[in-house]
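Written below as structure tokens is the structure these notes are about.
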Amino acid sequence: AMIIDEAKRSLHDAMCVTRNLIKDNRIVYGGGAAEVSCSIAVSEAAERVSGMGQYAMRAFADALDDIPMALAENSGLSPIVTLSEVKARQVTEKN
């Protein structure tokens with residue numbers, strides 16, 4: 001019974017996602033993409049700030065990087081290599 005209930009819940013979730021995409025097809029990419037983008041933007045903004053504010057901004061950017069690193073590690077990937085590749089691609093593609 002629990003397996004059937006879980007299957008019903010999964011199908012319901014999938015149908016809700018499909019319905020929501022039909023209503024509004026804008027999406028936010030997962031896998032830490034938004035956090036990497038924000039980290040890059042905060043790091044770039046930190047270049048224009050002097051003093052202690054710059055250190056705080058850099059620390060915040062580093063904290064944002066922890067999310068995609070954890071996701072990569074939990075997926076069995078090398079967190080540092082994966083984060084470097086994703087950051088490089090976002091900077092190159094200006095995404």
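Just give me the residues in the range 38-56 being open to solvent by 50 Å² or more (accessible area, probe 1.4 Å) and either aromatic (Phe, Trp, Tyr) or within 23 Å of the chain's Cα centre (by Cα) (or both), in sequence order.
Passing the criteria: Cys38, Ala41, Glu44, Glu47, Tyr55, Ala56.
Return a yes/no flag: does the range 25-40 have any residue that is more than 30 Å from Ala63 (Cβ to Cβ), part of a helix (DSSP H, G or I) and free of Cβ contacts under 8 Å to residues at least 12 places away in the same chain.
The first filter runs over the range 25-40 and keeps only residues more than 30 Å from Ala63 (Cβ to Cβ), leaving 25.
Adding the requirement that they be part of a helix (DSSP H, G or I) leaves none.
No, because not a single residue in the range 25-40 is more than 30 Å from Ala63 (Cβ to Cβ), part of a helix (DSSP H, G or I) and free of Cβ contacts under 8 Å to residues at least 12 places away in the same chain.
Restricting attention to the range 7-24, which residues are acidic (Asp, Glu) and part of a helix (DSSP H, G or I)?
Keep residues of the range 7-24 that are acidic (Asp, Glu), which gives 13, 24.
Passing the criteria: only Asp13.
The values are calculated or read from the model by the stated rules, or taken from the named source; none is laboratory data. Predicted model only: the values in this text are computed from it and were never measured. Positions of Cβ are generated from backbone atoms using ideal geometry, with glycine treated the same way; all protein chains shown enter the neighbour counts. In case anyone asks, the SASA skips ligands and DNA or RNA and just uses the protein heavy atoms, side chains included. Shrake-Rupley method; radii C 1.70, N 1.55, O 1.52, S 1.80 Å.
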